1. Tell me, in nm to one decimal, what length is gained between residue 214 and residue 243 on full extension, where the rule is 0.36 nm per residue of separation less the Cα-Cα distance?
2. Run the quick spin-label model on residue 108 and residue 192: label points 7 Å from Cα toward the beta carbon, then report their separation in nm to one decimal.
3. Tell me, what is the FRET efficiency for residue 81 and residue 43 to the nearest 0.05, using R0 = 35 angstrom and their Cβ-Cβ distance as r?
4. When ligands, DNA and RNA are left out and all protein chains stay put, how many square angstrom of accessible area per residue does region 252-326 have with a 1.4 Å probe?
5. Taking Cα centroids, how far is region 177-195 from region 3-53 in Å?
6. Report the extension gain between residue 260 and residue 33 in nm, rounded to one decimal, defined as 0.36 nm multiplied by the number of residues separating them, less their alpha carbon distance.
7. Using per-residue counts of other Cβ atoms within 10 Å, averaged over each peptide, order 102-109, 34-41 from highest down.
8. How large is the accessible surface per residue of region 145-236, computed with a 1.4 Å probe and reported in Å² as a whole number?
Amino acid sequence: MSTLVTGGAGYIGAHVVRLLQERGDRVIVVDDLTTGDATRVGDATLHQFDISEPSARAHLTDLMRSEEVDSVIHFAAKKQVGESVERPLWYYRQNLDGLNNVLGAVVDAGVDNVVFSSSAAVYGEPDVAVVTEEYHCRPINPYGQTKFAGEWLLDAVAKAHGVHVAKLRYFNVAGAGWDDLGDPAVLNLVPMVFERIERGAAPLIFGDDYDTADGTCVRDYIHVYDLAEAHLATLDYLRGDDRPESTFNIGTGTGYSVREVVDEILRVTGSDVTPEVRERRAGDPAQLIADSSRITSVTGWQASHGLSEIVTSAWSAWRLRHDHPAAD
Ligand SMILES: NC(=O)c1ccc[n+]([C@@H]2O[C@H](COP(=O)([O-])OP(=O)(O)OC[C@H]3O[C@@H](n4cnc5c(N)ncnc54)[C@H](O)[C@@H]3O)[C@@H](O)[C@H]2O)c1
């Protein structure tokens, strides 16, 4: 019995690979290294190819059979909202052809379980503060659409072929479980503020006139280590006999405002730069917090790290990466 992890050389996937290895599971990684890093997969065998190519289904099927894979955790995807707006055809191909090939191989090889990286982006711009899985999904960009369409495809394959699936809707992922596994991309608030501070520029806050306590947007930040543990809990749940649910929010249930996060970053980094407030960005809901009680009730998982640990661990990983570029 082994687990195949697509995108296992990426930021979140590498955390899951390491946790699986730590508990002694056999892990095989498939990654084309477009945004991943081969040094992150530890002892796992890395198979480097693009899962969205037509040939990938047969290649994946062979791997799943030869490695006696019973479960797949599927991370490999493109994740930049802006890029998805500019290149919708490519995003749909990357994210949905990739998933289609993975699921085709799962069916062909008789794999039992699939855990899928979905996103809070499926909810679009909710008009409620705390979102449950029952809230309607109306993604507002091609990235979110590929995740929602992916969930539909998974449900259809589960029904038609008896595969056990779980769709994990991540909220705002940040932090590092290990210093060498920090987020290399500068796309989310925490690394974006680090990057500005490093070059002496003011951190940017987009809008301070929202209907929230301090006027800035409130989000649910989930430590990547907690998120990785949620994958292992979900995998064990799928391998069990009782699987009443398949869609799970992954967050903490606690919101922090952009200003609170920026203040915490300034404190941890010892910076005294004054943040700069800019106009609101389109498509930013005032508040987005996960109700994650469903996954807790069926697996027992819950997040245990807060904002301070997220920022401290992310900064420590950032320092390793930027003070010792050879670690890249
Ligand atoms: N990081 C977040 O904040 C966040 C939030 C919600 C959902 N997600 C989802 O979680 C998953 C992992 O995200 P991440 O932050 O680790 O991103 P990442 O870019 O660090 O990791 C993605 C990995 O997949 C690989 N990959 C991409 N396209 C591939 C392809 N066609 N074939 C083979 N390998 C491919 C990349 O090389 C990389 O190693 C993605 O599906 C993403 O959409 C991430």
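1. Numbers: separation 29, 0.36 × 29 = 10.44 nm, distance 4.10 nm.
My answer for the length gained is 6.3 nm.
2. Placing both labels 7 Å along Cα→Cβ, they lie 4.0 nm apart.
3. With a Förster radius of 35 Å, E is 0.55.
4. On the way: 3900 Å² over 75 residues.
Spelled out: the 1.4 Å probe surface of region 252-326, per residue, equals 52 Å².
5. Here the two parts' Cα centres lie 19 Å apart.
6. Numbers: separation 227, 0.36 × 227 = 81.72 nm, distance 3.42 nm.
Taking residue 260 through residue 33 to full extension adds about 78.3 nm, to one decimal.
7. Working: 102-109: 21.4, 34-41: 17.2.
Averaged packing, sorted descending, gives the order 102-109, 34-41.
8. On the way: 3270 Å² over 92 residues.
For region 145-236, the per-residue accessible area is 36 Å².
The values are calculated or read from the model by the stated rules, or taken from the named source; none is laboratory data. None of these values were measured; they are calculated from a predicted model. Every residue, glycine among them, receives a Cβ derived from its backbone with ideal geometry; neighbour counts consider all protein chains shown. With ligands, DNA and RNA removed, areas are computed over all heavy atoms of the protein, side chains included. Shrake-Rupley method; radii C 1.70, N 1.55, O 1.52, S 1.80 Å.
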